[in-house]
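Read-outs: derived from the displayed coordinates by stated rules, not from any lab. Just so we're clear, the structure is a prediction, and the values are computed from it rather than from any experiment. Quick reminder, even Gly has a Cβ in these numbers, built from the backbone with ideal geometry, and neighbours come from all protein chains shown.
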Amino acid sequence: MIPQTCDVPTASRQPPPPRPLAATPMAFARAIVAAYARYSQSPAGVLKLAQITPSQLQKPDGRMTALQMEVLSGAAMQELDDEALGAFSRKLPWGSYGMLARASLTSPDLGVALKRWCRHHALIADDIALRVVAAGAAASIVIDEKRDLGAAREFCLVHVLRNIHGLACWCIDSRIPLQGARFPFSEPPHGEAYPLLFPAPLKFDAAQAEIRFDARYLALPLRRDEKALQQMLQRALPLTVLQYRRDRLLVEQVRQALAANPQQAHNAEGLAALLNVSARTLHRQLKDEGASLQQLKDEVRFERAKELLYRTDKPLKQVAAAAGYRNEKSFSRAFRGWAGDSPEGFRTGPGLSRRR
């Protein structure tokens, strides 16, 4: 039985939500269907699940929504038990990429995590080799093709680069803007979709597939744990940079400048000069990243104070001065607001064994 719609008065009728943009090339759906043919299985079920008709599938300039691609890819990976969707000479069983993420999770920074991911990827799929290259201010993730990837080549290279870029953003909980993307094939008929997949200057007919970004992201610490990984793996396919409004690179730069140059960075003008931006730009970009200069100052002061209380026997007056406070009273009040305890209580608290 079809429910009847209500006749809502025009004045109170809400406009319908915008329809999802169908921008993902249908060529990628055809690559997934080709994987079914390789394994002698029928794709009819997953195409129906993704609401893709046979006629839509065959349109040379056809498009589908990101959700349709997510549904199609996820169902096909599980049904074929191959997260590479037929791109490699052997299957990557369901859970392979989760295993790679878990193996990188304990890394001290993003650079180490990405190198681990690339090294471990070669153990499960030797058709390609990935490497992290840092040269000056730029870093790249490069794919070396070890064998002919055949008809799946475009889909494979796009899929792997999107995967590792999304994972990198997830690891540090930050948007990582791309400075460039290169592909070792001619621009395909659906080339206008590439700026949506890789929003950066694009180059086709390049020597190798690669993405390039600011090398300073490699030094950022990971912000995820096992619990976050479990949550991510429940719906890992939409792991893209679009969900990250914050770019933690500036926040981390500000923290480092405040810690290394407390005298010069005590106000916005001095800090902005250290970072080669205007004070106005500094405040605006921090606001865009969901942070404020005062918040970051307080965080750095707190960490400095904890370090001194934990590792030294300096009098509280000296600790207060080193943390940027004029007197012990204002320091103690601020510290209690941060830690819920006095500086003395923190220093002598249970379980604190100072290491010198």
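Overview of results
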| quantity | calculated |
| --- | --- |
| GNM result for the chain, Cα springs below 10 Å: residue of Val319, Val71, Val158 fluctuating most strongly | Val319 |
| Gaussian network model of the chain, springs between alpha carbon atoms under 10 Å - residue of Pro25, Pro177, Pro199 with greatest fluctuation | Pro199 |
| Cβ-Cβ FRET estimate between Ala207 and Arg284, R0 fixed at 51 Å, reported to 0.05 | 0.85 |
| Computed lengthening from Arg38 to Leu105, 0.36 nm per intervening residue step minus Cα-Cα distance | 20.7 nm |
| The range 88-242, Cα convex hull volume normalised per residue, Å³ | 109 Å³ |
| Neighbourhood charge, 11 Å Cβ-Cβ cut-off, centred on Phe183 and excluding it, Lys, Arg +1 and Asp, Glu -1 | -1 |
| Relative pair counts by distance (%), Cα atoms of the range 19-152, 10 Å bins | 11, 34, 32, 20, 3 |
| Percent of alpha-carbon pairs separated by more than 26 Å within the chain | 62 percent |
| Quotient of C-alpha Rg and 2.2 N^0.38 Å, computed over the range 20-80 | 1.00 |
| Projected label distance in nm at Ala138 and Leu196, using a 7 Å step from Cα toward the beta-carbon | 2.7 nm |
| Percent RCO, i.e. relative contact order, over the chain, from Cα pairs under 8 Å lying at least 6 residues apart | 11 percent |
| Greater than 27 Å apart at Cα, pairs in Lys48/Lys91; Lys146/Lys203; Lys115/Lys146; Lys146/Lys227; Lys306/Lys329 | Lys146/Lys227 |
| Selection from Ala137, Pro54, Cys118, by position along the positive dipole direction of the chain (Cβ) | Ala137 |
| Fully extended contour minus Cα-Cα distance, from Asp298 to Asn267, at 0.36 nm per residue | 9.9 nm |
| Neighbour-limited loop hits for trypsin sites (Lys or Arg not before Pro), the range 289-351 (at most 14 other Cβ within 10 Å; DSSP other than H, G, I, E, B) | Arg326 |
| Cβ-Cβ FRET estimate between Asp225 and Tyr310, R0 fixed at 25 Å, reported to 0.05 | 0.65 |
| Value at 222 nm in deg cm²/dmol, rounded to 500, when DSSP H runs of n ≥ 4 in the chain each add -39,500 (n - 2.57) | -14500 deg cm²/dmol |
| Prolate/oblate/rounded call for the range 245-291, Cα gyration tensor, a/c under 1.5 rounded | oblate |
| Positive minus negative residues near Ser140 (Lys, Arg vs Asp, Glu; Cβ under 15 Å) | +3 |
